[in-house]
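The structure appears right after this line, and notes come after that.
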Amino acid sequence: MTETITAAELHPRPQLRRERWIDLCGRWGFAFDEADEGLAERWFEQEEPFNREILVPFAPESKSSGVHETGFHPVVWYRREVQVGEADRRGRLLIHFGAVDYKATVWVNGRMAVEHTGGQTPFSADITPLLISGEAQVIVVRAEDEPRDLQQPRGKQYWEEAPGYIWYHRTTGIWQPVWLEPIPKVAIAELRWTPDVDRFGVGLTLRLDRKPVTGYRVRVRLIGDRPTRVLVDDSYLLSGRELRRDILLDINDAAIRRRRTLLWAPEHPNLIAATIELIDENGAIIDRVESYFGLRRIEARDGRFIINGIPTFLRLVLAQNYWPDSLLTAPDADALKREVELAQSLGFNGVRIHQKVEDPRFLYWCDRLGMLVWSEAANAYVYSDRAAEMLTREWLEAVRRDYSHPSIITWVPLNESWGVPDLDRSRQQRDFVRALYHLTRALDPTRPVIGNDGWQHAVGDVFGVHDYASMGDTLRERYADRQTIARTFREVRPHHYPLLSEDLDLKDEPIVISEFGGLGFVPQADDDWFGYGQFASPDELLDRYEELVDALLASTALAGFCYTQLTDTGQETNGLLTVTREPKFDPERLRAINSRPSKAVPSEILDVLIKQEVERRRRERGQE
């Protein structure tokens, strides 16, 4: 791997990186504002109210923050003095927030820099005009997160004081990285990579934050990493703030032979590194950023998921990505990589990130290690015009942020009718689901979209079904082939909800059992909730797991499955791993079960036979 991509491991924004950035995570002054009087008293100009410390980016509800207060605190404040040297003032200085839950206001030296609403998505501000003489600059953040507002997108954060059932501790305020970034007076603001496997190339959309003067150019260098080689070194004349180009790789005998070394797929997650330079009319480099993309095509057709023309059976695991001490925030950057590696080690080829827009560094590791991702919004729990507006705004920001990650193969704006509880009776709510679907498709026509995962499908390129049937025979009866699936969609209600809206017919959309299992051990306390099935021993549970997975793999019509869930989380002990990420079962046996071929993808059976024959011949040669 080239050094430019290796640097992405720690950078908070791996697909748009500059060499110089200043990490602001660490100790900040902190205060609760129980009476919500900080604005009136102008705390953004004071030091005295900040009588506590917090470790950013951990939420005050978490142990890792050093605060660890889990009650209702709707308004919190942060303060930090930052040293900014002369070298970082020569151009402009941006402040970036990975995510602040839910409504954030930022001041620099007592003057407002930016406001942002939405707890899952990033925002930035140019703070250059707000800097004062001398190196010390004061940054103050106010975060407002109303715990009982069910119209607000919240995901799995509970609206009661103590966690319960399937909901967890809340995350208030800053929970993703904060950093400063020096940039030039005209800078690259956004990159979008759209792979084009058919033409063996990529579409590039580049946006500047200001209009350049006449004569500016953009230089693009693309570098393959297996082996390292320059694929493209082109430059383009800019005529405004936006550049759109289709960049085609050379097609020759060597390129055809090494096609597999350039395409991205779970089995060969090749990334193409990119260096982008902004060059002025005199030939001087004004700005330089590093990025990457994966060259791959995703299709949902003929009842299958197809990657680069090859049917791929999805073996997903549901990932809450909560940690016991740090909650929504990973304990450190290494934990993000380890989460991906753990899922892969158990034989899964993808994760369904549940009710959370995950840290971009997690997505980097999915890109790098070849882990497929279902990307899902954090939902509200009631429907209103306000709730619809808040979810739509935040979802569009999430799609825009993560558009270029090759690991993301599906967009999921809604789960189990959360936020649209009357979907089968309300035309208005069905229209909202369809509007979200079509809006997502308009922003990104390259990926399939699920309008509402689980049941009550009003629209979608893929239909996800949540079925926690406890016996393998039940799953076989419901999903054995396309005919039984059609009957199940008409007549069976796994969770008492219709699977399809009355005005929607099942055609050739891929069907994925996108939640099943949820198996847990016998409870240790009466008031805890442990899963959809309780077992006395790990071996007994793993036997049932094998029974359920084999039933789904025996289907000739399913496109994949997603098991609930990867880790124990809070009061839920239905994970394959404990809360501390230790395996509950023999990982090798679990991996072997998950790796069995699916009857729905005949090529998988052929692959197994080929591998068995290769192994047989290897053993024979070893005996000679």
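The values are calculated or read from the model by the stated rules, or taken from the named source; none is laboratory data. Note that the structure is predicted; figures quoted are calculated from it, not measured. Methodologically, a virtual Cβ is constructed for each residue, glycine included, from the backbone with ideal geometry; neighbour enumeration extends over all protein chains shown. When the accessible area is computed, the model is the full protein with side chains, heavy atoms only, and any ligands, DNA or RNA have been set aside. Shrake-Rupley method; radii C 1.70, N 1.55, O 1.52, S 1.80 Å.
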> If a residue has to be surrounded by 12 or more Cβ atoms within 10 Å (Cβ to Cβ) and either within 28 Å of Ala284 (Cβ to Cβ) or of a type in the set (Lys, Arg) (or both) to count, how many in region 212-228 make the cut?
Replying inline: 11
> With respect to Leu363, is the statement that it is open to solvent by 10 Å² or more (accessible area, probe 1.4 Å), under 24 Å from Tyr563 (Cα atoms), of a type outside the set (Ser, Thr, Tyr) and touching a residue at least 40 places away in the same chain (Cβ under 8 Å) true?
Replying inline: no
>> Name the single residue that is farthest from Ile450 (Cα to Cα) among those in region 309-347 being open to solvent by 10 Å² or more (accessible area, probe 1.4 Å) and among the aromatic types (Phe, Trp, Tyr).
In response: Trp323
> Looking at region 366-405, which of its residues are in a loop (DSSP other than H, G, I, E, B), farther than 21 Å from Glu290 by Cα and open to solvent by less than 10 Å² (accessible area, probe 1.4 Å)?
Replying inline: Met371, Ala377, Ala378, Asn379, Ala380
> Can you name the condition, by its number, that Ser124 falls short on among (1) open to solvent by 20 Å² or more (accessible area, probe 1.4 Å); (2) closer than 29 Å to Arg393 by Cβ; (3) outside any strand (DSSP E or B)?
Replying inline: (3)
> What are the residues in region 458-474 that are hydrophobic (A, V, I, L, M, F, W, C) and closer than 21 Å to Ala300 by Cα, if any?
Replying inline: Ala458, Val459, Val462, Phe463, Val465
>> Suppose we keep only residues that are of a type in the set (D, E, K, R) and in a strand (DSSP E or B) within region 67-92. Which one would you say is farthest from the chain's Cα centre (by Cα)?
In response: Glu81
> Looking at region 584-608, which of the residues that are without any contact (Cβ under 8 Å) to a residue 40 or more places away in the chain and either open to solvent by 50 Å² or more (accessible area, probe 1.4 Å) or assigned to a loop (DSSP other than H, G, I, E, B) (or both) is nearest to Ala330 (Cα to Cα)?
Replying inline: Glu588
>> For region 419-435, give me the residue count where each residue is of a type outside the set (D, E, K, R), open to solvent by 10 Å² or more (accessible area, probe 1.4 Å) and at pLDDT below 95.
In response: 2
> Can you tell me which residues in region 436-489 are open to solvent by less than 10 Å² (accessible area, probe 1.4 Å), touching a residue at least 24 places away in the same chain (Cβ under 8 Å) and more than 30 Å from the chain's Cα centre (by Cα)?
Replying inline: Gly472
> From Val218, Val140, Val202, which residue is in contact with a helix residue (DSSP H, G or I) (Cβ under 6 Å, 6 or more places away or on another chain) and in a strand (DSSP E or B)?
Replying inline: Val140
>> Could you check region 490-523 and list, in sequence order, the residues that are in contact with a Phe, Trp or Tyr (Cβ under 9 Å, 6 or more places away or on another chain), of a type in the set (A, V, I, L, M) and touching a residue at least 24 places away in the same chain (Cβ under 8 Å)?
In response: Leu499, Leu500, Leu506, Ile511, Val512, Ile513, Leu519
>> Just to check your reading of the model, which residue among Leu248, Leu237 is over 20 Å from Arg199 (Cβ atoms) and either of a type outside the set (Asp, Glu) or touching a Pro at 6+ places or on another chain (Cβ under 7 Å) (or both)?
In response: Leu237
>> Here is a check on your reading of the model: is Val76 more than 21 Å from Gln176 (Cα to Cα) and surrounded by 15 or more Cβ atoms within 10 Å (Cβ to Cβ)?
In response: no
